[in-house]
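Data block below; observations after.
The values are calculated or read from the model by the stated rules, or taken from the named source; none is laboratory data. Just so it is clear, the model here is predicted, and its values are computed rather than measured. Note that each Cβ is placed from the backbone with ideal geometry, even for glycine, and that neighbours are counted across all protein chains shown. The protein model used for the area step is the full one, side chains on, heavy atoms only, and it has no ligands, DNA or RNA in it. Shrake-Rupley method; radii C 1.70, N 1.55, O 1.52, S 1.80 Å.
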Amino acid sequence: MSDCAKIQVGEHWLGGAVGEHPTAIIGTIFSGAQRFLEDPEEGRFGAPEALRQIERGATACRRTAVPYLLDVVAETPRAMERELSFVVAETSLPFLIDASDEAVRLAGLRAADRLGALGRTVYNSIGPDAPDEELELLARLRPAAIVVSTMDPANFGAASALEVLREVEARLSPALHGRLLLDVGFLDEASPGVSCRAAQELRRSAGLPVGGAPCNGLQMWEDLKTLGEGAFVAALAATLGYCAAFGLDFLFAGPLRRIPDVAPALAAAGVYNRYALVSETGRRDLSGEHPIRALFGATP
């Protein structure tokens, strides 16, 4: 099983040999679909319910030893600052700064610096067309990790993703090259198999952790959603476990409320990957929290 660079974000490690570290799960918070978000423009939200959902996810991930990150989504700089201040003050979790607007992402990066939280910050995301201001601030503040969006829908695959990465690296400070996480992209409802095979190849070629958001495709799957919430969550858990079995390092699970239901699927895949790694290599020097310990009390 191929190795890649290991990147630390907060208390979690991403990368290494497949099976060395379990796949991290990312839950989205403060998206428009969440009822506790009262005013997305101002970043006003129901703090008790937001914290309850965070803690439910944290408990499930702690019990299964699945690395857990929050995807902090905001629509305005003011909203981003309010949301990050809450996450930093109320949790010790790593988090992603996520926004479609570059100005909002930069506001989040500055806020993370001001709050002393860059060591648990993942910047999401940059591509070849990132403006100079964005790349310069990243080089100056240096978050723990930076997501590179490598998907080219017109030329999907590992080769084109590697080209995108090289374009980004050519413009980005070399000091940040070892902090890059590669988002391979998922095209539609039926694409996880194609995307995961591309991710495996990209991981081997680039030597960097790879992941993505298969939850986005499932949200587009209208016929699946007609089966009800329980069936949808079961399919989401199966999809995340499937992707983790390919050795992807991080996966977006969608809304935070679903984390307790899908974390066991990632834990199970983590057990299978670790067992395979030990069986194939004989390595028994692996340390740290891992699902194989949490769910078996074993030592591999």
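Working only within the stretch 275-295, note down all residues that are in contact with a Ser or Thr (Cβ under 6 Å, 6 or more places away or on another chain) and either open to solvent by 50 Å² or more (accessible area, probe 1.4 Å) or of a type outside the set (Gly, Ala, Ser) (or both). The one that is in contact with a Ser or Thr (Cβ under 6 Å, 6 or more places away or on another chain) and either open to solvent by 50 Å² or more (accessible area, probe 1.4 Å) or of a type outside the set (Gly, Ala, Ser) (or both): Pro291. Close Cβ contacts (under 7 Å, 6 or more residues apart or on different chains) running from residues in the stretch 37-63 that are over 19 Å from Val88 (Cβ atoms) to residues that are crowded, with 19+ Cβ neighbours inside 10 Å and of a type in the set (Gly, Ala, Ser) comprise Pro40/Ala79; Glu41/Ala79; Ala60/Ala263; Arg63/Ala294. Out of curiosity, is Glu75 closer than 21 Å to Glu38 by Cβ and either of a type in the set (Phe, Trp, Tyr) or in a loop (DSSP other than H, G, I, E, B) (or both)? Yes; evaluated as a whole, the condition is true for this residue.
Selection within the stretch 5-36: residues that are in a strand (DSSP E or B) and in contact with an Asp or Glu (Cβ under 6 Å, 6 or more places away or on another chain). The member of this set that is farthest from Glu90 (Cα to Cα) is Gly15.
In the stretch 264-276, is there at least one residue being touching a residue at least 60 places away in the same chain (Cβ under 8 Å), touching a Lys or Arg at 6+ places or on another chain (Cβ under 8 Å) and in a helix (DSSP H, G or I)? For the stretch 264-276, residues touching a residue at least 60 places away in the same chain (Cβ under 8 Å), touching a Lys or Arg at 6+ places or on another chain (Cβ under 8 Å) and in a helix (DSSP H, G or I): absent. Among the residues of the stretch 277-288, those identified as at negative phi and not in a helix (DSSP H, G or I) are Arg283, Arg284, Asp285, Leu286, Ser287.
Can you pull out every residue in the stretch 163-184 that is closer than 28 Å to Gly10 by Cβ and open to solvent by 40 Å² or more (accessible area, probe 1.4 Å)? Correct list: Arg171, Pro174, Ala175, His177, Gly178, Arg179.
Output the residues belonging to the stretch 184-230 that are farther than 20 Å from Lys6 by Cα and among the basic types (Lys, Arg). Arg197, Lys225, listed by residue number.
Residue count for the stretch 256-274, restricted to those that are over 25 Å from Leu202 (Cα atoms), in contact with a Gly (Cβ under 7 Å, 6 or more places away or on another chain) and open to solvent by 10 Å² or more (accessible area, probe 1.4 Å): 1. The residues of the stretch 138-159 that are part of a helix (DSSP H, G or I) and surrounded by fewer than 17 Cβ atoms within 10 Å (Cβ to Cβ), listed by number, are Ala139, Arg140, Leu141, Pro153, Ala154, Asn155, Ala159. Under the condition of being surrounded by 15 or more Cβ atoms within 10 Å (Cβ to Cβ) and of a type in the set (D, E, K, R), the residues counted in the stretch 128-137 number 1.
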